[in-house]
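Below you'll find the structure, written out as structure tokens, and then a few comments.
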Amino acid sequence: MKVSPSLLSADFGNLARDIQLVNDSKASMLHLDVMDGVFVPNISFGFPVIKHVQSLSTKPLDVHLMIVDPGKFVTQVRDCGATIMTVHQEACIHLDRVVQQIHDAGMQAGVAINPATPVAMLRDIVASLDLVLLMSVNPGFGGQKFIPGVLDKVAELKQLLAEKHSRAQIEIDGGVNAETGRLLAQAGAHIVVAGSYVFKAPDPQQAISLLSKL
Ligand code: DX5
Ligand code: ZN
């Protein structure tokens with residue numbers, strides 16, 4: 001499986017060191033969680049930080065926006081050097097337009113759904129997507145417990161993608177560790193986001209490597 005370590009759980013006092021650690025690991029990309037204190041009950045970091053991260057990272061940036069009205073920031077996310085820009089279905093009134101704007105800006109487009117949002121909400125957009133992110137915790141904080149209902153959603157999403165001839169990759173975010181990662185691999189997920197499991201591990205690179213082999 002592809003692994004996208006979430007920088008949210010890194011040591012913000014030693015960001016350069018932790019980015020280098022990811023550069024030298026088996027990670028496929030680097031996950032950046034942007035929170036606005038409105039869409040989620042927390043605030044993380046914004047564009048100046050992402051730009052700096054980009055200058056140090058050799059991995060593609062996988063930017064997950066947990067903010068209201070993310071369509072307003074497509075150009076800024078692109079200018080930060082993001083490869084994938086993921087927005088929440090729940091945060092976009094005109095989701096189809098936002099996905100088009102992301103593509104027009106030259107990025108890959110991802111759409112995320114919260115644990116209580118059904119996969120069916122993506123029915124009319126999956127054909128245009130590069131990535132679908134299923135939240136396996138309620139967004140806002142790292143270190144939460146995996147909600148197992150997401151495993152059924154992976155199966156449901158796989159069916160929908162086949163039906164709509166979509167080549168979108170399935171990414172899962174929240175509460176991923178060796179055990180839940182194994183279940184996700186069996187269910188058919190392509191990418192796992194892992195924050196605390198990686199950065200709180202005694203050997204983060206080994207934790208990434210273990211997930212990548214699932
Ligand atoms: C939650 C974030 C996640 C989070 C994952 O709002 O979207 O990316 O950082 O962290 P862990 O792996 O600790 O659940
Ligand atoms: Zn995330």
Using a 1.4 Å probe on the protein heavy atoms, what percent of the accessible area of the chain belongs to carbon and sulfur? 52
Spin-label model distance (nm) - Lys26 vs Asp152, 7 Å beyond Cα toward Cβ: 3.2
Connecting C-alpha atoms closer than 10 Å in a GNM of the chain, tell me which of Asp62, Asp11, Asp203 has the biggest fluctuation. Asp203
Stretched fully, the stretch from Lys145 through Lys200 gains (0.36 nm per residue minus C-alpha distance, one decimal, in nm) 18.3 nm
Subtracting the Cα-Cα distance of Ile43 and Asp79 from 0.36 nm times their residue separation yields 10.8 nm
Linear extension gain, Arg17 paired with Val68, 0.36 nm per residue minus alpha-carbon span: 15.2 nm
Fluctuation leader among Val193, Val137, Val40 - the chain, Gaussian network, Cα springs under 10 angstrom: Val40
How would Glu90, Glu179, Glu156 rank on accessible area, largest to smallest, probe 1.4 Å? Glu179, Glu156, Glu90
Accessible area of the stretch 7-127 divided out per residue, in Å², using a probe of 1.4 angstrom: 44
Over the residues of the stretch 100-214, compute the C-alpha Rg and express it relative to 2.2 N^0.38 Å. 1.08
Give the lysines reachable from Lys59 as a straight Cα distance under 29 Å; neighbours fewer than 8 places away on the same chain don't count. Lys2, Lys26, Lys51, Lys72, Lys145, Lys153, Lys158, Lys200, Lys213
On average over all directions, what projected area in square nanometres does the chain have, based on the convex hull of its Cα atoms? 10.3
Mean-square fluctuation check for the chain, GNM, Cα pairs under 10 Å: which of Pro115, Pro204, Pro41 is largest? Pro41
Please report, in debye to the nearest 20, how large the charge dipole of the stretch 69-214 is about its Cα centre when each Lys and Arg carries +1 at its beta carbon and each Asp and Glu carries -1 there. 220
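The values are calculated or read from the model by the stated rules, or taken from the named source; none is laboratory data. It should be emphasised that the depicted structure is a prediction, and the values quoted were computed from it without experimental measurement. Counting neighbours? That spans all protein chains shown, and the Cβs are built from the backbone with ideal geometry, glycine included. With ligands, DNA and RNA removed, areas are computed over all heavy atoms of the protein, side chains included. Shrake-Rupley method; radii C 1.70, N 1.55, O 1.52, S 1.80 Å.
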